[in-house]
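Report on the structure given below.
The values are calculated or read from the model by the stated rules, or taken from the named source; none is laboratory data. Values in this document were obtained by computation on a predicted structure and should not be read as measured data. Here the Cβ positions follow ideal geometry from the backbone for every residue, glycine too, while neighbour counts run over all protein chains shown. Just the protein is used for accessible areas: all its heavy atoms, side chains included, with ligands, DNA and RNA removed. Shrake-Rupley method; radii C 1.70, N 1.55, O 1.52, S 1.80 Å.
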Amino acid sequence: GTGDRLPPNFSFAGYRLFPTLLAWLTTPLILLTIVTLTESFAMGLMASALYTFDNAIIVHSRAAMLESTQLFFTVLALLAFFTMVRHKSGTVALAALSTICGTAIAATIATKANSLLLVLLIPLLLVVPRKLSVKLRCFAVVIAILTSLVVYFGIWRVHFLLGERR
């Protein structure tokens, strides 16, 4: 707790880099998500401004906390989901969006377990995107599930492998 057990010349710069970078990248994702939902750039700007100028987000993202990482992957999953719902996609685009959605869901759950609710986006793909055939919706669900499992368990495998080195 006191920091006296840190190796000499230890730097928190690496711990702070990715939360800060992902917090910064969340702003355009919020913009794109709101524009996708409302088709209004002005609404997207206003929504992303609420996030950008939130003092708590600014403090948490530079303090190497998990919130900015969790928010980035949550918004990325929602953006991929809403893009699939709002636009008729071809098979390649649908596979890419399903892969992004599954990867983001797994990454946000691996970051913090309270993101487990995002798993519900996957079965919603069977019901919500009415512009897609049932066959394409099932395809999207299978891709999202497989990607989520590979990414989630891959993260844990790397975690355990790194732990075995000590």
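Before moving on, here are some points about what is shown:
- Accessible surface of the chain, 1.4 Å probe, proportion on carbon and sulfur as whole %: 71
- Loop-located chymotrypsin sites (Phe, Trp or Tyr not before Pro) in the range 24-83 (DSSP state other than H, G, I, E, B) with a sparse environment of at most 10 neighbouring Cβ atoms within 10 Å: F53.
- Remark: the F41-L116 segment gains 24.0 nm on full extension, using 0.36 nm per residue and subtracting the alpha carbon distance.
- Relative contact order (%) - criterion: Cα under 8 Å, at least six apart; region: the range 16-61: 39
- In this structure the range 29-154 gives 53 Å² per residue of accessible area when probed at 1.4 Å with all protein chains present.
- Percent of Cα pairs exceeding the 14 Å cut-off, where the set is the range 1-59: 65
- Percentage relative contact order, the chain, counting C-alpha pairs under 8 Å, at least six apart: 20
- Lys, Arg +1 and Asp, Glu -1 on Cβ, resulting dipole of the range 1-120 about Cα centre, debye, nearest 20: 140
- Only helices reaching 27 angstrom along their own axis (Cα) with mean Kyte-Doolittle hydropathy no lower than 1.0 count here, and for the DSSP H runs of the chain these are 13-38, 67-86, 91-111, 134-164.
- Three-way shape label, the chain, alpha-carbon gyration tensor, a/c 1.5: oblate
- Accessible surface for V92 stands near 120 Å², nearest 10, in the context of the full protein assembly shown (1.4 Å probe).
- Annotation note: trypsin sites (Lys or Arg not before Pro) in the range 51-139 located in DSSP loop regions with a Cβ neighbour count of at most 13 within 10 Å are K88, R130, K131.
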